[in-house]
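The values are calculated or read from the model by the stated rules, or taken from the named source; none is laboratory data. This structure is a prediction, so every number in the text was calculated from the model and none was measured. Ideal geometry is used to build each Cβ from the backbone, glycine not excepted, and the neighbour counts take in all protein chains shown. Note: areas computed on protein heavy atoms with side chains; ligands, DNA, RNA excluded. Shrake-Rupley method; radii C 1.70, N 1.55, O 1.52, S 1.80 Å.
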Amino acid sequence: MSHDKIVYMANQIAAFFNSQPEAQRAEGVATHINKFWEPRMRRQFFEKLEAGAAFDPLVVKAAELVNRPETA
Amino acid sequence: MTLIQEIDYGTPASKSDKTVTLTIDGRDITVPEGTSIMRAAMEAGIEVPKLCATDMVDAFGSCRLCLVEIEGRNGTPSSCTTPVADGIKVKTQTQRLKDIRKGVMELYISDHPLDCLTCAANGDCELQDMAGAVGLRDVRYGYEGGNHVKARDTSGDINAMWMPKDESNPYFTYDPSKCIVCSRCVRACEEVQGTFALTIEGRGFDSRVSPGMHEDFLSSECVSCGACVQACPTATLTEKSVIEIGQPEHSEITTCAYCGVGCSFKAEMRGEELVRMVPYKDGQANRGHSCVKGRFAWGYANHEDRILSPMIRETVSEPWREVSWDEALTFTANKFKSIQDKYGRDSVGGITSSRCTNEETFLVQKLIRAGFGNNNVDTCARVCHSPTGYGLGQTFGTSAGTQNFDSVEQTDVVMIIGANPTDAHPVFGSRLKKRLRQGAKLIVLDPRKIELVDTAHIKADYHLPLRPGTNVAVVTSLAHVIVTEKLYDEAFIRERCDWDEFEDWAEFVSEARHSPEEVEKVSGVPADLIRGAARLYAKGGNGSIYYGLGVTEHSQGSTTVIAIANLAMATGNIGREGVGVNPLRGQNNVQGSCDMGSFPHELPGYRHISDANTRSIFEDLWGVQLNPEPGLRIPNMLDAAVEGTFKGIYIQGEDILQSDPDTKHVAAGLAAMECVVVQDLFLNETANYAHVFLPGSTFLEKDGTFTNAERRINMVSRVMTPKNGYADWEVTQLLAQAMGLNWNYTHPSEIMAEIAATTPSFANVSYEFLREKGSVQWPCNDAHPNGSPIMHVDGFVRGKGKFIRTEYVATDEKTGPRFPLLLTTGRILSQYNVGAQTRRTGNTAWHPEDVLEIHPHDAENRGLKDGDWVRLASRSGETTLRAQVSERMSPGVVYTTFHHPVTQANVITTDFSDWATNCPEYKVTAVQVSPSNGPSEWQEEYEAQARQSRRIVHVEPAE
């Protein structure tokens, strides 16, 4: 499979929360990533975010609430 | 140690609350109304002679041995068919009864072989016991007349009445010459198993037990559950192991190590040799029933393929080298340490086993968290029921099924979604079928016409043959009907759930795009079926939902679980007997492995690793600092391995190369690691990429506990010495010690004590308690001292039940011109998971290879006939297997199993996964099927690699 997994997974999470009530969306995505993504996945997440990867706008919005892992 | 003898009360217990008092042989006896006189007598310790009665099946009254006299009533009624009545006076032994019984026995014995000394049932024959009980001393009729016993008569002519022994079934024999036509086997097949494979053919003296239409057992519909063998009072149906070994002399209660039903068995032994496994009537999950796997398929424990010596190698291209335990463990510990020194603390991890005990799983996650110093631990639930954990956790507050299996006896409407209980959870399937025959209604959501849709005496009221991948759309549409037609239970919702969240959800599901008419367009399910099913579930009485991996193994697996929970809350079907949401869990201890903290984000008892209070409980006890960050899940581990940041893994009892999706990606991940440690019974597929092999032990060789799909903690008993030298928990402890951890457990009970001390839902669980109670369902603590058969009784665990919107998002795995069909995968009755165990038993008689089920239209379009070799290809890979043309499939959908490594069905499956949990989307793969004339390139390469990798250099013992 050739899709970028980190971007794909984040956008899948956003697809779920996009259907939830407005107030819960960004926090829902961020909480989910914080709870289930290992630090190196979140590190890659921020790298791709900064590189301008094709994230869903909700993911971009939620990124402020995602815990930045300590640098390795 | 003694042989556990269960009392046979002759007829099933009555469930009436009203009691009746009668007198039997001068003793006053009080029993529930509806009890038979036979059972009432037995409860008082008076054993009325009987042959055709046994308490697993209803009374039949054919043998005429259990006759009694009742004061003031005429004749001699049979005590099995006569219910008790207030004040009656019963006599079980009078001259008249003695004469009748002796006469009846005399007739039985006149047509029965007198080879008692060499008979396999010698020591366990009810016919012999009854001959003794009635004082039979001679048979006046002689043995020369018409009979079923002798192949030829005295003049040497063929006896047409005689039939040879049927030895076709791999596990038991049928010897018609020993049959007394009591019909116990026929009734067990009907009433207990629900297969109706047996009948009585002929009339009068010609009557004989017949599988199907005078077939042999193996060719008939018989599913080899063993209920008939258990019911047989003579040697007519006998386990081949008993014929070979003889009668057992002691037994232990233990728990089956196959599926998540968790049946209790008596392991009947002679010395350390297992003679047979007999389902235990007091087993609270199985109530005395079994399936072909638990009852018979335990021969793998002694299979020649078992690896009994540790082995190591530097690279996977070398052959294995047998070494001592010491050398293997030191080698492993050094490897892990040097990897961590070189690549960092997070570069290693492990996988706990859903086939091992709670105690063993607890130790593996402890080794990883406390020894490796990270949270890179996961378990096979990742690829099966992780969405259940997420979905039920979000909505109800706890990630487990809400009911016990007994609850099915109270249900009125059963909805089965993406599960096939008669194949995958057979004993529950039989209990369900019994309830359905009593009149409960049935709704099936499945792309396949599973057995329950239309089988003997059962027909689903609604079968919704949805297109794979559209579960969320269809379940949300059921909710649409329930809300828009106001079929919901407002009182329940107002009391138990958050009303605002309900209103938000109700508004969401009411939108026109969720209507059955709209959903029909994507799911292919006719709108009127969705409407009818919704009305039946909402208003048909106690509604229960049972679901399986057809729900979870999708891109939207977690969303479907949430949708199911919404449905149950909206209709008030939670918190009492007969209702609930019930995930049918795959492996014997997959529930337990999740409970024991096998997930990378959770400590035991489903407490998030980021919670400092929970961490401190373990930190204080273990004397280490725990990492507060979640670790890698299995697919993430493999991704990290391919990227080069994950280098070592300890895998206990799990074959990820065969069971996990996208085999090529799994193989690439494993190949990129520097130290793969596999602990297993056999050189499984994953071991082809391993550097260390630590021999594992079977469930017969260890003490411990398994937790089944109803949260029931069952005892596992060691009945033989581990052939490999150690139980699996000991191997993990040795590895921990080699890595410098100071572990000194001397028995699994000490591990359970640690679990209880650290995990609130297990607080009152101990081996003493389990031995006393037989089993207990968690939560078991001061609030629930006797455990919790039903959950959420007075309110949801999370407080208020939470309704959550469930938007249907189509999977990105789509059919197109190159891959026009949808493949869905599953399992079959006789095989289990990757087949490592069942393929090494007689069960291969039923399923020697994986086949591709395909609808006749799709087969015809491709010029395929039943039995043809076909090439099955997806975007991920291709394999070949035989086609089975079957109308169980919908057009456009094909199906196969993943039990055989030769097929490697997971070469085909993709790396799409559930949005919340990364649970792989096994159930939807776009494929093409075409004729084939040989194995695929991948199969050939794989076979060569496996052969190369499995070479072992046997070391001659020094001196």
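Anything in the stretch B:81-127 that is open to solvent by 70 Å² or more (accessible area, probe 1.4 Å), in contact with a helix residue (DSSP H, G or I) (Cβ under 8 Å, 6 or more places away or on another chain) and in a helix (DSSP H, G or I)? List them, or say none. Residues satisfying the conditions do not exist here. Among the residues of the stretch B:615-641, the one identified as crowded, with 17+ Cβ neighbours inside 10 Å, without any contact (Cβ under 8 Å) to a residue 60 or more places away in the chain and more than 14 Å from chain A (Cβ to nearest Cβ) is B:ARG615. Summed over the stretch B:272-286, residues that are touching an Asp or Glu at 6+ places or on another chain (Cβ under 8 Å) and either open to solvent by less than 30 Å² (accessible area, probe 1.4 Å) or of a type outside the set (Phe, Trp, Tyr) (or both) total 9. Residues in the stretch B:289-308 that are open to solvent by 30 Å² or more (accessible area, probe 1.4 Å) and in a loop (DSSP other than H, G, I, E, B): B:TRP298, B:HIS303, B:GLU304, B:ASP305, B:LEU308. In the stretch B:589-614, the residues that are within 14 Å of chain A (Cβ to nearest Cβ) and within 12 Å of B:HIS385 (Cβ to Cβ) reach residues that are at pLDDT below 95 and in a helix (DSSP H, G or I) with C-beta atoms within less than 8 angstrom, at least six apart or across chains, in these pairs: B:PHE599/B:ALA381; B:PHE599/B:ARG382; B:PHE599/B:SER386; B:PHE599/B:GLY389. Count of the stretch A:5-31 residues, restricted to those that are within 7 Å of chain B (Cβ to nearest Cβ) and under 22 Å from B:ALA563 (Cα atoms), is 7. When residues in the stretch B:151-210 are screened for being assigned to a strand (DSSP E or B) and in contact (Cβ under 8 Å) with a residue 60 or more places away in the chain, 4 of them pass. Here B:HIS855 clears all of (1) buried (at least 16 other Cβ atoms within 10 Å of the Cβ); (2) in contact (Cβ under 8 Å) with a residue 40 or more places away in the chain; (3) under 21 Å from B:SER523 (Cα atoms) except the condition numbered (2).
Note on the stretch B:894-918: residues that are at negative phi and within 12 Å of chain A (Cβ to nearest Cβ) total 9. Given the condition closer than 27 Å to B:LEU829 by Cβ, of a type in the set (A, V, I, L, M, F, W, C), open to solvent by 10 Å² or more (accessible area, probe 1.4 Å) and over 16 Å from the mean Cα position of the chain (by Cα), answer yes or no: does some residue in the stretch B:376-385 qualify? Checking the stretch B:376-385: at least one residue is closer than 27 Å to B:LEU829 by Cβ, of a type in the set (A, V, I, L, M, F, W, C), open to solvent by 10 Å² or more (accessible area, probe 1.4 Å) and over 16 Å from the mean Cα position of the chain (by Cα). Taking the conditions (1) in contact with a helix residue (DSSP H, G or I) (Cβ under 6 Å, 6 or more places away or on another chain); (2) modelled with pLDDT of 95 or more in turn, B:GLU754 satisfies each one other than (1). Any residue that is part of a loop (DSSP other than H, G, I, E, B), closer than 30 Å to B:VAL408 by Cβ and in contact with an Asp or Glu (Cβ under 8 Å, 6 or more places away or on another chain) - is there at least one of those in the stretch B:589-598? Yes, the stretch B:589-598 contains at least one residue that is part of a loop (DSSP other than H, G, I, E, B), closer than 30 Å to B:VAL408 by Cβ and in contact with an Asp or Glu (Cβ under 8 Å, 6 or more places away or on another chain). Within the stretch B:642-661, the only residue that satisfies the criterion of being within 12 Å of another protein chain (Cβ to nearest Cβ), surrounded by 24 or more Cβ atoms within 10 Å (Cβ to Cβ) and not aromatic (Phe, Trp, Tyr) is B:PRO661.
Looking only at the stretch B:904-942, residues that are assigned to a loop (DSSP other than H, G, I, E, B) and surrounded by fewer than 21 Cβ atoms within 10 Å (Cβ to Cβ) come to 5 in all.
Only one of the numbered conditions (1) open to solvent by less than 10 Å² (accessible area, probe 1.4 Å); (2) under 24 Å from B:VAL104 (Cα atoms) is violated by B:MET161, and that is (1). Whenever a residue of the stretch B:719-748 is assigned by TED's automatic domain parsing to the domain that holds B:LYS335 and open to solvent by less than 50 Å² (accessible area, probe 1.4 Å), its partners that are among the hydrophobic types (A, V, I, L, M, F, W, C) and in a loop (DSSP other than H, G, I, E, B), lying with C-beta atoms within less than 7 angstrom and at least six residues away or across chains, give the pairs B:ASN724/B:LEU308; B:ASP728/B:CYS356; B:GLN733/B:TRP743; B:ALA736/B:TRP743. If you filter the stretch A:42-55 down to residues that are open to solvent by 10 Å² or more (accessible area, probe 1.4 Å) and within 13 Å of chain B (Cβ to nearest Cβ), you find that the one that is farthest from B:ALA641 (Cα to Cα) is A:GLU47.
If you check B:GLY350, B:GLY373 for being on the phi > 0 side of the Ramachandran plot and away from chain A (no Cβ under 12 Å), only one passes: B:GLY373.
So that you can scan it fast, the table gives a plain yes or no per residue for (1) touching a Ser or Thr at 6+ places or on another chain (Cβ under 9 Å); (2) within 19 Å of B:GLU887 (Cα to Cα); (3) in a strand (DSSP E or B):
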{"residue": "B:GLY401", "(1), (2), (3)": "yes, no, no"}
{"residue": "B:ILE416", "(1), (2), (3)": "no, no, yes"}
{"residue": "B:VAL427", "(1), (2), (3)": "yes, no, no"}
{"residue": "B:ARG431", "(1), (2), (3)": "no, no, no"}
{"residue": "B:LEU436", "(1), (2), (3)": "no, no, no"}
{"residue": "B:VAL444", "(1), (2), (3)": "no, yes, yes"}
{"residue": "B:ARG448", "(1), (2), (3)": "yes, yes, no"}
{"residue": "B:ARG467", "(1), (2), (3)": "yes, yes, no"}
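Report yes if B:GLN394 is more than 27 Å from B:GLN625 (Cα to Cα), within 14 Å of chain A (Cβ to nearest Cβ), open to solvent by 20 Å² or more (accessible area, probe 1.4 Å) and of a type in the set (S, T, N, Q), otherwise no.
On the way: more than 27 Å from B:GLN625 (Cα to Cα): yes; within 14 Å of chain A (Cβ to nearest Cβ): yes; open to solvent by 20 Å² or more (accessible area, probe 1.4 Å): yes; of a type in the set (S, T, N, Q): yes.
Judged against the criteria, B:GLN394 is a match.
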